[in-house]
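J.: Structure provided below as structure tokens; questions to follow.
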Amino acid sequence: MAAVRALRSCNRSLGRLASFRQVILCNRFVLVRSWKKQPPSALLQPLQLRNFRTATTLNGKVVQFKLSDIGEGITEVTVKDWYVKEGDTVSQFDSICEVQSDKASVTITSRYDGVVRKLYYNVDDTALVGKPLVDIETDAMKDVAPEEDVVETPAISQEHTHQEIKGHKTLATPAVRRLAMENNIKLSEVVGSGRDGRILKEDILSFLAKQTGAILPPSPQMEITPPPPPKKEISKPSPKETAPSIPVFISKPITFSGKDVTEPLKGFHKAMVKTMTAALKIPHFGYCDEVDLTALVKLREDLKPMVEARGVRLSFMPFFLKAGSLGLLQYPILNASVDENCQNITYKASHNIGIAMDTLQGLIVPNVKNVQVRSIFEIAAELNRLQSLGASGQLGAADLTGGTFTLSNIGSIGGTYAKPVIMPPEVAIGAIGKMQVVPRFDSRGQVVKAQIINISWSADHRIIDGATMSRFSNLWKSYLENPSSMLLDLK
């Protein structure tokens, strides 16, 4: 009311002027008006008042950082962890939070430099794509365009990363960005060969080779250096140590509340519902066999010290994957996919072999890319990386998508046979049982100790017949029973 009375008093003293322009500051309002013998009431029209910023907002602009579309048709994610709190200062590409979809864990990074003013979700809340994630107060001098508030905010995921360097938008994964940073390469200077100009690891390597002629290691997972195993593990166990042990169950503490608990399916459990529902549309057929790994066991024991000296753990799985890849070269129909109506078949050039992995978050199936061009050591190093990320729940979409064939080592938990379910759009999957020491007859009819595993295959019977599956299995088996034969076909 005091402001209105002041305005009326000012108007009465100036109403007789033919033309006048005056600026009146009244607390948070600014009055700018030109008039010619206007009535006093004209000064009170709404258009004459414009809301001005308070002192706290004159220094910056609060923008809503929205959760962008991270692809794969994902509409909601679960907030797993916050890396910032209200009042923290962030810069571009600083990690803000980690979210988990039904396909992968994704790290969201900041697009702006500023101060976090509001977090819209708590941990374990469900965040919706396109809705505000945080409010960030930015520096007004940086000229943040208003329309950017409604533009999809890029999310930093394991599959794709949006970067803006000097106004140029580049696409690159965090691993590629890290590789470029380690070698002092500006992504704006690299021409991407991927989809939509995405910069791939090969582009960085090619750029570096042109600049220095150097060749980098094939992947950063070589940096994994786990501690060497205790000497007791390397030495032969005593007869007492070979006695069967009681299984150790890893689960949440048992609590009895007396009440039923209902909670929605989230994350990987929700993804399993979709995948297995689609898998039921595929007519499966099974094929089982046993494989004598006695020779492979000896070879692995010989190679383990050399591999561990290079910082990598060597299991049997790299041999299983490499033997599978060599078999797929002979039977490419098992490394194919079909469309939804089963009218077209696509033969995949890359052997991206998935490995089923049991984690605290549920069953996940990351895949080792391009097994056909990797050595046993490179496959082992990549498996180490995937297992470390899977144990910590940090696997990204790039590791979990793009698979063409799958092997599940169910024997690491227990069981000799399984009935694996195909993961669409793949057409075949294998389940490996636990290794058992059993008596067998050798070529001279003598009873010998043999290290045996059982393999259970499932295939899409719409495009794969039993004879093809049997021939592939026999080839895979021969590589493992005579591991030196793989040398003839390794590339």
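The values are calculated or read from the model by the stated rules, or taken from the named source; none is laboratory data. All values reported here derive from a predicted model rather than from experimental measurement. Ideal geometry is used to build each Cβ from the backbone, glycine not excepted, and the neighbour counts take in all protein chains shown. SASA here: full protein model, heavy atoms, side chains in, ligands and nucleic acids out. Shrake-Rupley method; radii C 1.70, N 1.55, O 1.52, S 1.80 Å.
J.: Roll a 1.4 Å probe over the protein heavy atoms and report the accessible area of His461 in Å², nearest 10.
T.: Ignoring ligands and nucleic acids, His461 comes out at about 100 Å².
J.: Please compute the net charge surrounding Pro425, taking Lys and Arg as +1 and Asp and Glu as -1 over other residues with Cβ under 11 Å from its Cβ.
T.: Counting the neighbours of Pro425, the net charge comes to -3.
J.: If I stretch the segment between Ala309 and Gln436 completely, what's the gain in nm (0.36 nm per residue apart, minus their alpha carbon distance), one decimal?
T.: That works out to 42.9 nm of additional length.
J.: Further, regarding this structure: Among Met276, Met357, what's the order by accessible area (1.4 angstrom probe), most exposed first?
T.: From most exposed to least exposed: Met276, Met357.
J.: Using the Karplus curve 6.51 cos²θ - 1.76 cosθ + 1.60 with θ = phi - 60°, work out ³J(HN,Hα) for each residue of the range 475-487 in order, rounded to whole Hz, and write x for Gly and Pro.
T.: Karplus values, whole Hz, x for Gly and Pro: 5, 4, 5, 5, 5, 7, 6, 10, x, 5, 5, 5, 4.
J.: Are there trypsin sites (Lys or Arg not before Pro) in the range 285-351 that DSSP puts in a loop and that have at most 14 other Cβ atoms within 10 Å, and which ones?
T.: Counting only loop positions with at most 14 other Cβ atoms within 10 Å, the trypsin sites (Lys or Arg not before Pro) in the range 285-351 are Arg310.
J.: In addition: Rounded, prolate or oblate: which fits the range 386-491, taking a ≥ b ≥ c as square roots of the Cα gyration tensor eigenvalues, rounded meaning a/c under 1.5, else prolate when a/b beats b/c?
T.: Taking the square roots of the gyration eigenvalues as a ≥ b ≥ c, the range 386-491 is prolate.
J.: Only loop residues by DSSP count here, and only those with at most 16 other Cβ atoms within 10 Å; note down the chymotrypsin sites (Phe, Trp or Tyr not before Pro) in the range 384-491 that meet that.
T.: Tyr417
J.: Also, quick follow-up: With the crude spin-label approximation of a point 7 Å out along Cα→Cβ, what separation in nm comes out for Lys298 versus Thr89?
T.: Reported label-point gap for Lys298 and Thr89 is 6.6 nm.
J.: Continuing with this model, one more query. Would you mind counting up the charge near Phe377? Only other residues with Cβ under 12 Å from its Cβ, with Lys and Arg at +1 and Asp and Glu at -1.
T.: +2
J.: Kindly state, to the nearest 0.05, the FRET efficiency for Glu263 paired with Ala391, given R0 = 22 Å and r defined as their beta-carbon distance.
T.: My answer for the efficiency is 0.40.
J.: Let me ask something else. As a test question: what accessible area, to the nearest 10 Å², does Ser443 have when a 1.4 Å probe is rolled over all protein chains in place?
T.: Taking all protein chains as shown, Ser443 has close to 130 Å².
J.: To continue, here is another question. Rounded, prolate or oblate: which fits the range 350-440 when a ≥ b ≥ c are the square roots of the eigenvalues of the alpha-carbon gyration tensor, with rounded for a/c under 1.5 and prolate only if a/b beats b/c?
T.: rounded
J.: Please calculate the 1.4 Å probe accessible area of Val129, with all protein chains present, and give it to the nearest 10 Å².
T.: Its accessible surface works out to 40 Å², give or take rounding.
J.: Say each of Asn341 and Leu128 gets a label point 7 Å from the Cα, pointing the same way as Cα to Cβ; how far apart are those two points in nm?
T.: Computed distance between label sites Asn341 and Leu128 equals 3.5 nm.
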